[in-house]
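The values are calculated or read from the model by the stated rules, or taken from the named source; none is laboratory data. From a predicted model like this one, the values you see are computed outputs, not experimental measurements. FYI the Cβ positions are ideal-geometry reconstructions off the backbone, even for glycines, and counts take in every protein chain you see. Protein only, heavy atoms only, side chains kept; ligands, DNA and RNA dropped before computing areas. Shrake-Rupley method; radii C 1.70, N 1.55, O 1.52, S 1.80 Å.
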Amino acid sequence: MSQPTPAARLATPPPGTRAPEMTIATMRDHAGGLVWSALLLIAVAGATGFFYGNLPAPFADWMLIAAAVVLVVAGVILPYLVWLSRSYTITTRRVISRHGLLSRSRSELSHARGYTVATRRSASQRMRGTGTLTLSDGMEGRIELRDVAHPLLVSEVLADQVELNQILAHRDSQGIPTPS
C-alpha cells in the first residue's frame, strides 16, 4: 500500500482533532436586481438637470431637489443597502446566511449533520445564470440562498462538503487511524 502524499495528510486531520475552519466562498444575491435602481438614478439625474431653473412659477428649485433626493434615497440607496445586507458564507464546516438592515439575522447549517439541497431557477434566473438554493436538514433548519450565481456548481460544492464532513465524523466516531 502506498503512502499518502504530504498534501493528502494535510487535507484530512488526524482522528480526534478538528481541522481549522476555512472559508470556501462568500456570496451575495445577484446584483441584477439593482438594474432598476441604476435606471432610476439615471432618469432622476437627467430630469433634475433638465428641469432645474426651468420650473413653472408655483414651483421652486428646492422642491425639485427635494423630490430628487427622496426618489434617490427610496429607489436607489435603500435597495442597495438591502442587497448589501444579505450575504452567504460557505466554510469547511457550515453554511452561514446573514441578512437584515436594522436587525440582523444569522442562520447556519452544519455540513456534518447533513441537509438536502433543492435548486429552483425561474426563467429570468436562467437568463442571468443564477438560481435559488434551499438547504434543509429535515427539522427546523432551513436556509435559502437567493439568486446565487452558478447554482449547480454551488450545490455540488455543498454536496461535497456534506459528504466529506460526514466521512470525517464517522471516522472520528469509529477511531479509525490514518496511515502515516
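Observations
- Among the residues listed as ARG126, ARG146, ARG98, the single one being in contact (Cβ under 8 Å) with a residue 40 or more places away in the chain and closer than 23 Å to LEU34 by Cα: ARG146
- Out of ALA19, ALA67, sole residue that is in a helix (DSSP H, G or I) and open to solvent by 30 Å² or more (accessible area, probe 1.4 Å): ALA67
- Verdict on VAL76 being open to solvent by 40 Å² or more (accessible area, probe 1.4 Å), modelled with pLDDT of 95 or more and out of contact with any Gly (no Cβ under 9 Å at 6 or more places or on another chain): no
- Filtered residue count, the stretch 25-36, keeping only those that are within 12 Å of the chain's Cα centre (by Cα) and β-branched (Val, Ile, Thr): 1
- Criterion: surrounded by 15 or more Cβ atoms within 10 Å (Cβ to Cβ) and under 18 Å from ASP147 (Cβ atoms) - qualifying residue of VAL44, VAL95: VAL95
- Residues (touching a residue at least 60 places away in the same chain (Cβ under 8 Å) and among the aromatic types (Phe, Trp, Tyr)) located in the stretch 76-95: TYR88
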